[in-house]
Structures are given as C-alpha cells and as structure tokens.
Amino acid sequence: MTKAETEVLTVRVPAGTKQKLAAAALSRGTKTAPLVNAMLLALLDDDQAETPHIEPVAGQMTMCRSEFWIPEFLRVALSRRAKEEGFKPARWVSLLVQANLMAGGVLTDNELFSVKESNRELAAIGRNINQIAKAINEEVAMGRNLSASGQMKMDLLSKLQEAIELNRSAIDALVVDRNQAWRVA
C-alpha cells in the first residue's frame, strides 16, 4: 500500500494496551503500525493481507539444523502442544515454520498416506468408468438403444460420480482442517 492509498484511523484503547502492543511489535521485529495493519486485515479477512509465500528451491531441499532460543514457558507450551498433535517438539516446530512460510497447511505422514490412498481409489474408479463407458459406447455404436444392462451401467456411472464427489469433499475438508491446524494466531 502506498501512502496515497492509506487512511488514518484513531482509536482509544484501555490504559497499558498501547505499551503492550509496542512490546508485541518489538518482539516480532516490526513496528506497531504494520502489526496493527496485519491484525486488522487478518481480522477482516481482507484480500490485501500480505501472505508470505515461499516456493521450494531446486537443489536446496536437503534438511539442515536450526537452533533458536525461547522462554521456558513457551518451551513448555511447545512441548505440550507438539505432544497433543502427536509430534516431537522439533518436528512440530519444523512443520509450523513450513506451514507459515509456504502459506499453507502441512500434511502429516498419516494424512499424506490418506491422500495417497484416496488417489489410488480415484484411479480405480477411473478404470471402472472407462470400462463402463467402453461397454456403453459399443452398444450405441451398433445402433442399438440402451438395453436394461446399458441403463444399469449408466446408473453405476451416476453412483461413481457421487463417490468421486464424496472423495473430493473429504480431500477438501482435509486441506481446510490442515490449514486451520497450522494457522498462527
């Protein structure tokens, strides 16, 4: 946003809030105004909110160790939260960083297995659809009206379509859940 595109907003806050906000901004390595802007845009779910997005870089995919210091109360909370999620603290922090910097949810090993299983099921459904479509096309190519079995095959195609939609909905729900699980407050 350029200065020409901004407006001034003046608000009154309870005593001490301004100092707490300044401390929060300082601890995040920013100034108060950008922090308030980011919070307001996130609250309003505004499409102007800047979402950091980092693309993977070929040749830089090897894992490396990073160390950081945090206060004891945060380390305790981190350990508790990681355990609740089924991770060791270091793995949970790694996934949290990845989710936030790459602007999307991260799939755990179990979730990734589920998505792969779903893809296998979709492939099997696709093969079934091809076989059914071939049989129907052969009937129609011979100039015949659809027989009872042809109609039954059409009904099966309808059921397959419903199964595909259920599968897609499950995948969409998984993606939404993972994005929400890794969201930073």
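The values are calculated or read from the model by the stated rules, or taken from the named source; none is laboratory data. Small disclaimer: the values here were computed from a predicted structure and weren't measured. What goes into the accessible areas is simple: the full protein's heavy atoms, side chains included, and nothing from ligands, DNA or RNA. Shrake-Rupley method; radii C 1.70, N 1.55, O 1.52, S 1.80 Å.
Given axes a ≥ b ≥ c from the Cα gyration tensor, I'd like to know whether segment 120-161 is rounded (a/c under 1.5), prolate (a/b larger than b/c) or oblate. Taking the square roots of the gyration eigenvalues as a ≥ b ≥ c, segment 120-161 is oblate. Largest GNM mean-square fluctuation across ALA90, ALA24, ALA42, computed for the chain with C-alpha springs under 10 Å, falls on ALA24. From largest to smallest, the equivalent ellipsoid semi-axes obtained for the chain from the alpha-carbon gyration tensor read 51, 24, 15 Å. Excluding ligands, DNA and RNA, the accessible surface per residue across the chain is 82 Å² with a 1.4 Å probe.
Listed by chain and number, the lysines placed with their C-alpha closer than 23 angstrom to that of LYS134 are LYS153, LYS159; residues fewer than eight positions away on the same chain are left out. In this entry, segment 71-111 is assigned a mean projected area of 3.1 nm², taken as a quarter of its C-alpha convex hull surface.
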